[in-house]
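The values are calculated or read from the model by the stated rules, or taken from the named source; none is laboratory data. Keep in mind that what you see is a predicted model, and the values were worked out from it rather than measured. Positions of Cβ are generated from backbone atoms using ideal geometry, with glycine treated the same way; all protein chains shown enter the neighbour counts. The accessibility values were calculated without ligands, DNA or RNA, using every heavy atom of the protein model including side chains. Shrake-Rupley method; radii C 1.70, N 1.55, O 1.52, S 1.80 Å.
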Amino acid sequence: MGYPDKLLASDEEVVRHLHPHWLTVFWPVLFLLLIVGGASFGAALVDSDADRAGTYRLLIAGVGVLLLIGFVLVPLLRWRTTHYVVTTHRLLFREGILARKGRDIGLSRITDVSYSQNIWERLIQSGTITIESAGDSGATVLRQIPDSDGIQQLLNHMIEEDADRRGRENAGFLRGDDQAYGAPTH
C-alpha cells in the first residue's frame, strides 16, 4: 500500500515506506494466543450444571475481550499506524491511532544521520536511527527501524541527491533556463 499522495508535492516520490520492525508485533501475537487459550480453558472449567454457568462464561469472555483490546489490538494498531516515509524531498514520520502526531524533515535540513544497534538488533536486522536537523526541535529518534544501517545509507544517498537536484534547479534559475522547471520548449 502506497503512502497517501495528498501529502506529497507534485514532483515528490516515495522512495521507502516503513513500519516499525515486524518483531514489535511478536508479543501482541503471543498474548493473543495466551489470552484466547486461557479464556477458553477458563470457560471449559466452569461447571455446566452450575446455576450461573452462563454468567461466569460471559464474565470470562468479557475479561478476555478487554485483555485482547489492551494487549493485542492497541499494539497492533499502533504498529500499523506508525509510518516512516523517505521521499525524494523529505522524511515523514507519522504515528497514532486516534490522536495523531507527525513530523516532516526536509532532506536539505538534515545535518547528520546515525544508527545504533545492540547485539539482538543486529541479529534481527533492526535498530535506532537518530536524525539531526537544522533548527531548534532537536534530534529525531526513530526506534525499531528494519534494516537501520541500510536506511541510514539510503537517507545519506537521498540527501546527496536532493542537494544535487537543488543545485541544478538553482543553476537553471540563475541562467533563466526554463527547462529547469519543466517548461515546454517552443
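Among the numbered conditions (1) among the polar types (S, T, N, Q); (2) without any contact (Cβ under 8 Å) to a residue 12 or more places away in the chain; (3) open to solvent by less than 50 Å² (accessible area, probe 1.4 Å), tell me where Ser40 comes up short.
(3)
Pick from Gln152, Gln125: which is of a type in the set (S, T, N, Q), on the phi > 0 side of the Ramachandran plot and modelled with pLDDT of 85 or more?
So the residue among Gln152, Gln125 that is of a type in the set (S, T, N, Q), on the phi > 0 side of the Ramachandran plot and modelled with pLDDT of 85 or more is Gln125.
With without any contact (Cβ under 8 Å) to a residue 40 or more places away in the chain and of a type in the set (A, V, I, L, M, F, W, C) as the only criterion, which of Leu92, Leu66, Leu142, Leu107 stands out?
Residue meeting the stated conditions: Leu66.
Quick check on my filter: what residues within region 78-101 are closer than 25 Å to Phe26 by Cα and of a type outside the set (D, E, K, R)?
Scanning region 78-101 gives Trp79, Thr81, Thr82, His83, Tyr84, Val85, Phe93, Gly96, Ile97, Leu98, Ala99.
Against the conditions (1) open to solvent by 70 Å² or more (accessible area, probe 1.4 Å); (2) in contact (Cβ under 8 Å) with a residue 24 or more places away in the chain, where does Glu12 fall short? Just the number, please.
(1)
Hey, among Val72, Val63, which residue is open to solvent by 40 Å² or more (accessible area, probe 1.4 Å) and either acidic (Asp, Glu) or in a helix (DSSP H, G or I) (or both)?
Within the list Val72, Val63, the selection yields Val63.
For region 1-56, give me each residue that is farther than 30 Å from Leu154 by Cα, in a helix (DSSP H, G or I) and not aliphatic (A, V, I, L, M).
Pro28, Phe31, Gly37, Gly38, Ser40, Phe41, Gly42, Gly54, Thr55, Tyr56
Loosely packed, with under 15 Cβ neighbours inside 10 Å, farther than 25 Å from Arg78 by Cβ and either under 20 Å from the mean Cα position of the chain (by Cα) or at pLDDT below 90 (or both): which single residue out of Ala180, Ala99, Ala134, Ala139 fits that description?
Exactly one residue qualifies, and that residue is Ala134.
Looking only at residues in region 105-131 that are in a helix (DSSP H, G or I) and in contact with a His (Cβ under 9 Å, 6 or more places away or on another chain), which one is least open to solvent (accessible area, probe 1.4 Å)?
Looking at residues that are in a helix (DSSP H, G or I) and in contact with a His (Cβ under 9 Å, 6 or more places away or on another chain), I get Leu107.
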